[in-house]
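> One structure is given below, represented as structure tokens, and several questions about it will come after.
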Amino acid sequence: MANEMRFEGSIQVSATNFSETIAPGAIQLDLSEKNLRSNVLAAPTDAQGTPIAGAGDSANGGIFFFRNLSASGNVEVGRREGNPAVFKPFLLLKPGEYSLGRLAADLPETGGASILAVKGSTANVEVQFTIFDGT
């Protein structure tokens with residue numbers, strides 16, 4: 001079990017006359033590349049967002065984890081592209097929310113675009129992130 005990651009989860013929904021449970025089972029990943037970037041940073045409110053330092057390229061994509069540590073502001077995760085750079089979000093985290101998923105093989109950076117950047121909806125919003133390289 002060296003250099004491996006395992007995560008599992010389930011979704012339970014109940015609303016009026018609707019109920020559903022999804023339990024897809026565990027996913028186990030090889031972390032043989034052993035590269036890890038992890039930090040907590042203040043998410044700026046500027047129009048460009050701020051690139052996540054050290055979120056370099058991984059030939060195998062890797063796994064991301066983001067968590068909004070704020071009690072009141074939203075955090076967006078996205079990419080910066082163009083000249084001048086324009087922030088284009090693909091993920092919204094409301095206060096206390098988190099997200100975990102796999103990056104495509106050419107992410108987090110491709111063609112000079114900074115893929116993983118963050119932006120807050122209000123001042124004093126912090127985001128925790130971890131990016132694991134792995135297959």
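> Extending each Cα 7 Å along its Cβ direction at residue 122 and residue 28, get the distance between those two points in nm, one decimal.
Computed distance between label sites residue 122 and residue 28 equals 4.4 nm.
> Compute the signed sum of charges (Lys and Arg +1, Asp and Glu -1) over the other residues within less than 14 Å, Cβ to Cβ, of residue 121.
On the way: positive: 94, 119; negative: 46, 76, 97, 126.
Combined, the nearby Lys, Arg, Asp and Glu give -2.
> Hey, can you grab everything whose amide H is under 5 Å from the amide H of residue 97? Only 5+ residues off in sequence or another chain; H modelled, so Pro and N-termini drop out.
68
> Another question, then. Along the Cα→Cβ direction, 7 angstrom out, place labels at residue 92 and residue 48. What is the inter-label distance in nm?
So the two model labels end up 2.5 nm from each other.
> Mind ordering 68-77, 43-52, 6-15, 88-97 by average Cβ neighbours within 10 Å, highest first?
In descending order of packing, they fall as 68-77, 43-52, 88-97, 6-15.
Bear in mind these aren't lab numbers, they're just calculated from the coordinates by the rules spelled out. What you see is a predicted model; the values in this text were computed from it and never measured. Glycine gets a Cβ as well: all are built from the backbone with ideal geometry, and neighbour counts include every protein chain shown.
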